[in-house]
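A.B. asks: My questions all concern the structure below.
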Amino acid sequence: QVQFMESGGGLVQPGGSLRLSCAASGTIFSIYAMGWYRQAPGKQRELVATITSGGSTNYADSVKGRFTLSRDNTKNTVYLQMNSLKPEDTAVYYCNAVLKLTALTGMFTYWGQGTQVTVSS
């Protein structure tokens, strides 16, 4: 029903930058919010950043000032620009969307498959 195309993960040195992209497609009536969560080995999944269709953003304290989330509503796509990366940013990053499949259905949360980000020298 809903598919995500995630891209941009990889290996980067501390202090470097990466840009993650996530495009949602399928039977989608409307998207309320999209964003990224991450999960490091042995830890719970945590919020990185989200953005609503109106452009309101929410960032984890640990990434404020370093990461910027933007959205193209016409393409159902979000972009996470990650600067000044640290080893503790290493995790699998998951795209997330809160959306309605039809005008009559409720809001549900969908997840992408995840993309690995590794920050290491």
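A.B. asks: What percent antiparallel are the DSSP beta bridges of the chain, to the nearest 5? The partial results should precede the final answer.
C.D. replies: Details: 43 of 46 bridges.
Roughly 95 percent of the beta bridges in the chain run antiparallel, per DSSP.
A.B. asks: To continue, here is another question. Below 8 Å between Cα atoms, with a sequence gap of 6+, how large is the relative contact order for the chain in percent?
C.D. replies: Values: 295 pairs, mean separation 42.7, N = 121.
Reported as a whole number, the value is 35 percent.
A.B. asks: Roughly how many nanometres apart are two label points built 7 Å out from the Cα toward the Cβ at THR27 and GLN116?
C.D. replies: Going from the THR27 label point to the GLN116 one covers 3.5 nm.
A.B. asks: Further, regarding this structure: Cα centroid distance between region 84-117 and region 49-76, in Å?
C.D. replies: Between the Cα centre of region 84-117 and that of region 49-76, the gap is 12 Å.
A.B. asks: Taking a ≥ b ≥ c as the square roots of the Cα gyration tensor eigenvalues, with a/c under 1.5 meaning rounded and otherwise prolate when a/b beats b/c, else oblate, which class fits region 6-121?
C.D. replies: prolate
A.B. asks: Kindly identify region 33-75 as rounded, prolate or oblate by the Cα gyration tensor criterion: order the square roots of the eigenvalues as a ≥ b ≥ c, call it rounded if a/c is under 1.5, otherwise compare a/b with b/c, prolate if a/b is larger, else oblate.
C.D. replies: prolate
A short reminder: the numbers here are calculations on the coordinates, not readings from a lab. Only a predicted model underlies this, so the values are computations on that prediction, with no experimental measurement involved. Glycine gets a Cβ as well: all are built from the backbone with ideal geometry, and neighbour counts include every protein chain shown.
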